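Taking it in order: structure first as structure tokens, then the write-up.
Any read-out appearing in this document is the output of simple, stated calculations on the displayed coordinates, not a laboratory observation. Everything numeric here is computed off the predicted structure, so don't read it as measured data. Neighbour counts run over all protein chains shown; Cβ positions are idealised from the backbone, glycine included.
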Amino acid sequence: MSLENLRREYRFGRLTRESLHDNPVEQLRRWLDQAIEVDLVADPTAMCVATVGADGRPSQRLVLLKQVDDRGLVFYTNLGSRKAREIAGNPKVSLHFPWNAMDRQVIVGGTAVRLGAADVLRYFISRPRESQLAAWSSRQSSRLSSRQALEAQFLQMRDKFRDGEIPVPDFWGGYRVEPDEFEFWQGGERRLHDRFQYRRDEGGHWQIERLAP
Ligand SMILES: Cc1cc2nc3c(=O)[nH]c(=O)nc-3n(C[C@H](O)[C@H](O)[C@H](O)COP(=O)(O)O)c2cc1C
């Protein structure tokens, strides 16, 4: 089958200005709840984080959203990873929720700010022990000689932290993306999609605009 002939109509629903919440964070939470409830989207909390390196080259990867409120959107990761290095040089990021099973996508623009130690600790201790050990076992984004080397590192860490609680690695943490822009996209029939953009005005209030599809 030719890729050129792969297409479908978007019929999941419509998005109207009247139905939008004034606060984009509340709108995101509403769509997130629906994405979890309808159970059509695998990993509904997965979001793609795009960062830009010092050479101007963008890169992206999925991470899991772990918290969202008026302060921003939180994810956790390795602080030596490519994304973390790029954020250190340029904290502007773009987030993307690919909910195409619901003919939806949400795009969030903002600034990534490192979480404090207390937030990181609170989340780290809530993770399964094996995930904690995995965090210790991987220098994320660095070159690895083999799968065995990773497994060996895991076993070594399991041994090292045999007794008691596992501390937070000093190379592991999280970010809160403080948003200044949102777009909610709902696919429409005949490619006439609904797009609404929220942007903060000078007074700090969210202004909503419909964008052409
Ligand atoms: C569904 C899914 C969820 C993921 N969640 C995370 C996450 O929460 N944190 C993380 O560091 N990596 C997560 N990853 C792995 C990242 O996509 C990525 O491979 C890793 O963070 C290294 O990215 P970097 O080298 O660009 O920094 C996830 C991958 C997938 C497919």
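Does Leu144 qualify as being over 19 Å from Leu28 (Cα atoms) and either in a loop (DSSP other than H, G, I, E, B) or touching a Gly at 6+ places or on another chain (Cβ under 9 Å) (or both)? Write out each step before concluding.
Values: over 19 Å from Leu28 (Cα atoms): yes; either in a loop (DSSP other than H, G, I, E, B) or touching a Gly at 6+ places or on another chain (Cβ under 9 Å) (or both): yes.
Considered against the rule, which asks whether it is over 19 Å from Leu28 (Cα atoms) and either in a loop (DSSP other than H, G, I, E, B) or touching a Gly at 6+ places or on another chain (Cβ under 9 Å) (or both), Leu144 comes out as yes.
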Of the numbered conditions (1) part of a loop (DSSP other than H, G, I, E, B); (2) away from the ligand (no atom under 15 Å from the Cβ), Glu4 satisfies every one except a single condition; which is it? (1)
Looking only at region 136-175, and only at residues there that are basic (Lys, Arg) and within 14 Å of the ligand (Cβ to nearest atom), the one that is nearest to Ala118 (Cα to Cα): Arg139
It is to be established whether one or more residues within region 185-194 are surrounded by 12 or more Cβ atoms within 10 Å (Cβ to Cβ), within 21 Å of the chain's Cα centre (by Cα) and of a type in the set (Asp, Glu). no
From the list Ala101, Ala149, which one is out of contact with any Asp or Glu (no Cβ under 8 Å at 6 or more places or on another chain) and either part of a strand (DSSP E or B) or within 30 Å of Gln34 (Cβ to Cβ) (or both)? Ala101
Which one of these is under 30 Å from Asn23 (Cα atoms) and not in a helix (DSSP H, G or I): Gly173, Gly164? Gly173
Examine region 115-131 for a residue that is touching a residue at least 60 places away in the same chain (Cβ under 8 Å) and either assigned to a strand (DSSP E or B) or within 14 Å of the ligand (Cβ to nearest atom) (or both), and state whether such a residue exists. yes
Pairs please, first residue from region 75-94 and closer than 10 Å to Trp172 by Cα and part of a strand (DSSP E or B), second anywhere and more than 9 Å from the ligand (Cβ to nearest atom) and among the acidic types (Asp, Glu), Cβ atoms under 7 Å, 6+ apart in sequence or on different chains. none
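In region 102-144, how many residues are under 30 Å from Trp185 (Cα atoms) and among the basic types (Lys, Arg)?
The first filter runs over region 102-144 and keeps only residues under 30 Å from Trp185 (Cα atoms), leaving 102-115.
Add one more test, that the residue is among the basic types (Lys, Arg), and what stays is 104, 114.
Final tally of qualifying residues: 2.
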When only residues in region 15-52 that are within 16 Å of the ligand (Cβ to nearest atom) and in a helix (DSSP H, G or I) count, which is surrounded by the fewest Cβ atoms within 10 Å (Cβ to Cβ)? Ile36
Do you know which residues across region 126-162 are among the small types (Gly, Ala, Ser) and closer than 23 Å to Val63 by Cβ? Ser126, Ser131, Ala134, Ala135, Ser137, Ser138, Ser141, Ser142
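Look through region 71-114, keep the residues that are polar (S, T, N, Q) and within 15 Å of the ligand (Cβ to nearest atom), and return whichever of them is nearest to Pro44 (Cα to Cα). Please lay out each step first, then the result.
Taking region 71-114 and keeping what is polar (S, T, N, Q), we get 77-78, 81, 90, 94, 100, 105, 111.
With the extra rule that they be within 15 Å of the ligand (Cβ to nearest atom), the set shrinks to 77-78, 81, 90, 94, 100.
Details: Thr77: 18, Asn78: 22, Ser81: 23, Asn90: 27, Ser94: 17, Asn100: 11 Å.
Result: Asn100.
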